[in-house]
Structure formats: structure tokens, C-alpha cells
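What follows is a single structure, written as C-alpha cells, with notes after it.
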Amino acid sequence: MSLGSLITMDEFTIQETRKFPQATGELSSLLRDLGLAGKIINKQVRKAGLADLLGKHGATNVQGEEQMKLDVFANDILIRILKNSTDCAGIASEENDNHVCYEDTYSANSKYVVLFDPLDGSSNIDVNASIGTIFSIYRRVSPLGQPCTEEDFLQPGNKLMAAGYIIYGSSTMMVYATKISVNGFTLEPSIGEFCLSHPNMKVPADGKIYSLNQGNTIKYSEGMKQYLNYCMESNKEEGRPYGHRYIGSMVADLHRTLIKGGIFIYPADKSNANGKLRLQYECNPMTFIVEAAGGKGSSGTGNILDIVPTELHQRTPIFIGSKNMVNKAVEFVKAKEAVS
Ligand code: AHG
Ligand code: MN
Ligand code: MN
């Protein structure tokens, strides 16, 4: 594609916004700010090996996980850029104990709050595999003109206005979803802009890849173990055994699932009744994206997006991806629970 025919993410978002006469453009400007943060994080990620940016930061986050230097860098950049944004009242981050309210008058009048996992897939930073940034945008529920409150951040996923991710992979892409569609933009380094490369993304209803940390099988429920056997069982007509792919960065595993179809699972297990992944920073935004693309996200007992969060850092089991595959996996898990 020639440079002249590229459509930048800003151009695209503005065109989309114009379809809704009541839209004020605030959401577009927030997406632009998130894209800017993504470009800066991308720049650091690309030179991490040379700039003493690999490795541990030396602290742990609120969830007791060791922070990497890039986790901290990405978190600081997002907090700063969104503070300077015209449309963000406050943020909540996987790396912060509590939400951060921007207290200036301008921010107090801003309509939106943003939640993020600044760097997803931290364990892959030092081995040069794909990592990403995940974000969610909610309209605040607290009154305008006052600082935002925790209530603004404890909204279920079905109240999301938009969600997306930036993947730092073999190329850098920003993918964002509104309720209407999911679109992907690849960073064109020569002009420093995300340009439309994957319009109207759709998750195939069926897939041939299952993705989970199979090393945890010993801790899985009986239903999960039986579903794994089903995935590995031979059935020519149904295209089984399925292939297994697991990168260990949710962003990367979900990006593949969005494009090729398949299922990604992080289930509950004997040591973690709620699995590992975070509802507000990982599971809700990813489910919103996948559902806007025609796929499905389930906790195993219900829709992820219907869970009403009670705390900022809560976790949930997740089954997400191609609709038919998710339904099948959940069927296995539920059937076993019903008899035990
Ligand atoms: P984070 O780097 O933000 O802490 O997230 C890591 C998550 C997620 O990206 C991935 O799917 C999962 O942890 C991998 O966990 P396991 O190593 O237990 O498989
Ligand atoms: Mn993560
Ligand atoms: Mn993270």
C-alpha cells in the first residue's frame, strides 16, 4: 500500500464518529492519547536490550508480582499522558494499589475513566517475545465537576464504551473495539502513525487451536481434564486433534485467536479458585473486543461482561475465542461440576 493511500487511526476514528451526530469526539481524543502512549512504550520496548531496560525493577506490585523495568516505564507513561489528556478523569492500573484521580478542574469535568494493564506478558520481556498494553474506557458514573470515585472503576464490562490493546510483536499494532466493530492499525514507522490494516475484524465461529498453560493440568478440574482430552482426541471430521499454541502473553495469544480463531483458557484450578487473570485489566477488555468481533468470553459459569466487580484487582477464570469452541469447553466444565 502506498503512503498516500494509508488511512491513519485518527482519520478512521473521526470518520466513524461522524456517523453519530451526537458524538462529541472525546472518545476519539482519548484513543489518540492511548495511541501516543503506545508509540512511546513501543520505542522503549524496541531498544530495551541496549538501554538497560530488561530485567526486574526490584519491587512487587499490589498483587505480589515482581515488577519489570518496562512494567514501571509503561505505567508511568500512561498515567502521565492520560493526566494531560483533555478527556480522562482518572485511571486504574494493574500496577497501582488504588485508582488515581486527576484532581485538576479540567479532569474533574472529564467524562471518562481508563483502566489498563500497562505491560501484559512481563515474563516475555527478557526473551524478546510479543508483549502488549491493554486498555478499557468507561463513562464515569460519579457526578461531573468532582473528582472521580472508585465506583467509576467498578463497572461491569457490559458498560464499556471502548477497549483495545497495543501489541509489540513482529510489527506494532493497535486494535480497538467499540460496540459496533473491531479494527486493527499497524504502526507505520516512517510517519509514526497507526494506519488501518485490519478493518472490521471477525473471530471465526470455529477454530483449530487451543491455548492454555497445559503444564497446570494436574491442578485442573475433572471437566477441564476431559476437555483437554477432547482437544487432543483424533476426529478427522471435526478437525481434531487441535493444534496447541501458548505464548504466555494474553495479548499475543488473543491477537492470534482474533485473527485465526481458536480458544484461549485460563481456568480456575486447585490453587486458584478464580484463575489468574484480572477481570478489570485483562478479561473484560479482551472479552469486549472478542464479542464485538463475533466471538465469546465466559467465566465458565456466565458471561465475563456481566460480572459486577467488587474490588479493583479481582480475578476470574476465562474461556474466550471462537463461539462454538467456547460453548463446547464450558459444556465440559459445567457437565462435570453438575455431577460432582
Ligand atoms: P502480566 O504480565 O500483565 O502480569 O500478565 C501475565 C498473564 C497473561 O499475559 C498470560 O496469559 C498469563 O499471565 C500467563 O500465565 P502463566 O505463566 O501462569 O501461564
Ligand atoms: Mn497482563
Ligand atoms: Mn501487566
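Just so you know, all these numbers are worked out from the coordinates, no wet-lab data involved. Keep in mind that this is a model prediction, so the values were computed, not measured. Note: ideal-geometry Cβ built from the backbone for every residue, glycine included; neighbour counts use all protein chains shown.
For the cross-link pairs LYS236/LYS296; LYS236/LYS328; LYS47/LYS202, which exceed 29 Å when the distance is taken from alpha carbon to alpha carbon? Table pairs above 29 Å Cα-Cα are LYS47/LYS202. Take every Cα pair under 8 Å whose residues are at least 6 apart in sequence, average their separation, divide by the length of the stretch 211-328, and the relative contact order is 27 percent. Taking the DSSP bridge list for the stretch 209-339 and keeping only pairs wholly inside it, about 70 percent are antiparallel. The alpha carbon centroids of the stretch 296-323 and the stretch 212-281 are separated by 15 Å. A P(r) calculated from all alpha carbon pairs of the stretch 258-325, with 10 Å bins opening at zero, reads 24, 55, 20, 1 percent. Were the residues from GLU151 through ALA129 laid out at 0.36 nm apart, the gain over their Cα-Cα distance would be 4.3 nm. Measuring how big the stretch 116-264 is from its alpha-carbon positions, Rg and Dmax come out at 18.5, 61 Å.
Quote to one decimal, in nm, the extra length available between ARG80 and ALA205 on full extension: 0.36 nm per residue of separation minus the C-alpha distance between them. Gain on extension, ARG80 to ALA205, equals 41.0 nm.
For ARG240, the residues whose modelled amide H falls within less than 5 Å of its own, excluding neighbours fewer than 5 places apart on the same chain, are ASN235. Put simply, when 174-181, 1-8 are sorted by average Cβ atoms within 10 angstrom per residue, most first, you get 174-181, 1-8. Distances between placed amide hydrogens fall under 5 Å for ARG315 paired with LEU279, all partners being 5 or more residues away or on another chain.
Along each principal axis, taking the top coordinate minus the bottom one, the Cα set of the chain gives 57, 47, 47 Å in descending order.
Using alpha carbons only, the radius of gyration of the stretch 3-198 set against its Kirkwood radius gives Rg/Rh = 0.97.
Rounded, prolate or oblate: which fits the stretch 1-113 when a ≥ b ≥ c are the square roots of the eigenvalues of the alpha-carbon gyration tensor, with rounded for a/c under 1.5 and prolate only if a/b beats b/c? Oblate is the answer for the stretch 1-113, as a/c is 1.5 or above yet b/c matches or exceeds a/b. Report the relative contact order of the stretch 11-149, percent, no decimals, based on alpha-carbon pairs under 8 angstrom and at least 6 residues apart. The value is 19 percent. Each principal axis of the Cα cloud of the stretch 209-339 was taken in turn, and the coordinate range along them, longest first, works out to 44, 34, 24 Å.
Computed over the chain, the per-residue total of -39500 (n - 2.57) for DSSP H runs of n ≥ 4 gives a 222 nm mean residue ellipticity of -9000 deg cm²/dmol, rounded to 500. Only beta bridges with both residues in the stretch 1-118 are counted; by DSSP, about 45 percent of them are antiparallel.
Rounded to the nearest 0.05, the FRET efficiency derived from the C-beta distance between ARG18 and LEU144 at R0 = 30 Å is 0.75. Over 22 Å apart at the Cα level, from the set LYS56/LYS260; LYS219/LYS336; LYS159/LYS336; LYS19/LYS39; LYS39/LYS111, are LYS56/LYS260; LYS159/LYS336; LYS19/LYS39; LYS39/LYS111. The packing ranking, built from the mean of other Cβ atoms within 10 Å per residue, places the peptides 147-159, 82-94 in the order 82-94, 147-159, highest first.
For ARG140, nonlocal amide neighbours, meaning residues 5 or more places apart or on other chains whose placed amide H falls under 5 Å from its own, are TYR112, VAL113.
Here the chain carries DSSP beta bridges of which approximately 85% are antiparallel, counting only pairs with both residues inside.
Full extension of the segment from MET161 to THR105, taken as 0.36 nm per residue of separation minus the current Cα-Cα distance, would add 17.8 nm.
Just so you know, the Cα atoms of the stretch 7-49 work out to an Rg and Dmax of 13.6, 47 Å.
Each label point was placed 7 Å from the Cα along the Cα-to-Cβ direction; for GLU331 and LYS270 their separation is 2.9 nm. Membrane-span-like helices of the chain, defined as complete DSSP H segments with a Cα extent of 24 Å or more along the helix axis and a mean Kyte hydropathy of at least -1.0, are identified as 26-46, 323-339.
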